[in-house]
Amino acid sequence: MRSYIYLLVLWVLCGKSYAQVQGYVYENKSVESRILNEVRKYAIYLPPDYESSERSYPVLYLLHPAGPKGTVPNQQGWINYGMLQHFMDKAIEKGEITPMIVVTPDANFGTRHVSYFNDPANSFNFENYFFEEFIPYIEKTYRCRVERGSRAIAGASMGGGAAFFYALHRPDLFSVSCPLSAAIRGYETEYMAKRYPDIRKEELLDWYKQYNVYELFKQIPDKDKSAIAWYISCGDDDALSVNNVLLHKDLKDMGIPHEFRIQNGKHDWLYWRSVLPEVLQFVSSNFVK
């Protein structure tokens, strides 16, 4: 009988210990947006000791892709397809990364597309929402460290493109940026006309200047070229790899420090899962200590 009780107590204690190394995931939280005139969803990962401590944590804003085909492009992507909790819990438990908060906003624009841009028709100004409402809401609601050195941004595909231009637009907010399989391009007339058929070409040309990543990098003053820690990665079988390689060459020529990876993989969640552990370690190592 005593042996049975001992084993029962041991089982309970082991179960409690295991539970303590698991973070908390909430994938259907919401925030009301005045800018977008609607309630927007977001997902959030809180580290294992969040409920039991009073400390504040660095934050990674992790942006979901617009695909691939057959997947649902919303705030749940990095939870459901990217196995975010698994990788976070494992890395924290092993001491490979500092405990951090990870947040994914929903950029799904209904049935039209996913957009992190300020829409040229002013119908979905997601970037304004992200900076003026979403980040302040997260930092007010959760115990976040709010200095620049404790804030990072990353994303895949279209979210990778946004990880570029959000950091380039607001280098005062982010110290780390990790664009994965980033959807970046110069101005492509046919693509833009198809995406925004009701906007005149002249208006699109002017609007796109703020989202042409190649040109934005050229505008960085020499004194600020090392301000952001960049981790850029793309699969070798990804159609976007060419654009990412061209940007890598530009950054080398401009003397902008960055980590660049071309690894085996396609434009899919299998690739993004494969690089996520290294991304998390890169983010953690570049947070202010």
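Laboratory data are not the source of any read-out in this text; all were calculated from the coordinates shown. Bear in mind that the values here come from a model prediction, so they are computed numbers and not experimental data. Glycine also receives a Cβ, built like all others from the backbone with ideal geometry; neighbour counts cover every protein chain displayed.
Divide, for segment 105-207, the radius of gyration over alpha carbons by 2.2 N^0.38 Å, where N is the residue count. Mind showing how you got there, number by number?
Numbers: Rg = 14.8 Å, N = 103, 2.2 N^0.38 = 12.8 Å.
Expressed relative to 2.2 N^0.38 Å, the Cα Rg reads 1.16.
For segment 227-289, what does the relative contact order come out to in percent, with C-alpha contacts under 8 Å and a separation of six or more?
Here the relative contact order equals 42 percent.
Can you tell me how segment 182-270 classifies by the Cα gyration tensor, rounded, prolate or oblate, using a/c under 1.5 as the rounded cut? Show your work: numbers first, answer last.
Values: a/c = 2.78, a/b = 1.22, b/c = 2.27.
Here segment 182-270 falls in the oblate category.
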| request: From the C-alpha gyration tensor of the chain, pull out the three semi-axes of the equivalent ellipsoid (sqrt of 5λ each), sorted largest to smallest, in whole Å. | output: 35, 21, 19
| For the charge dipole of the chain, defined by +1 on Lys and Arg C-beta atoms and -1 on Asp and Glu C-beta atoms about the Cα centroid, which residue among Asn264, Ser52, Leu36 has the Cα displaced farthest towards the positive pole? | Ser52
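Can you tell me how segment 76-152 classifies by the Cα gyration tensor, rounded, prolate or oblate, using a/c under 1.5 as the rounded cut?
Oblate is the answer for segment 76-152, as a/c is 1.5 or above yet b/c matches or exceeds a/b.
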| task | Could you check how many percent of all C-alpha pairs in segment 44-105 are farther apart than 12 Å? | result | 68 percent
| Can you pull out the GluC sites (Glu not before Pro) in segment 31-66 that DSSP calls coil and that have at most 13 other Cβ atoms within 10 Å? | Glu51, Glu54
| What is the dipole size for the chain, taken about its Cα centre, with +1 at each Lys and Arg Cβ and -1 at each Asp and Glu Cβ, in debye to the nearest 20? | 540 debye
| Rounded, prolate or oblate: which fits segment 118-170 when a ≥ b ≥ c are the square roots of the eigenvalues of the alpha-carbon gyration tensor, with rounded for a/c under 1.5 and prolate only if a/b beats b/c? | oblate
| request: Return the single residue from Leu247, Leu36, Leu205 with maximal mean-square fluctuation; model: Gaussian network over the chain, springs between Cα atoms under 10 Å. | output: Leu205
| Sequence-separation-based contact order of segment 22-286, relative, with Cα cut under 8 Å and 6+ spacing, percent | 18 percent
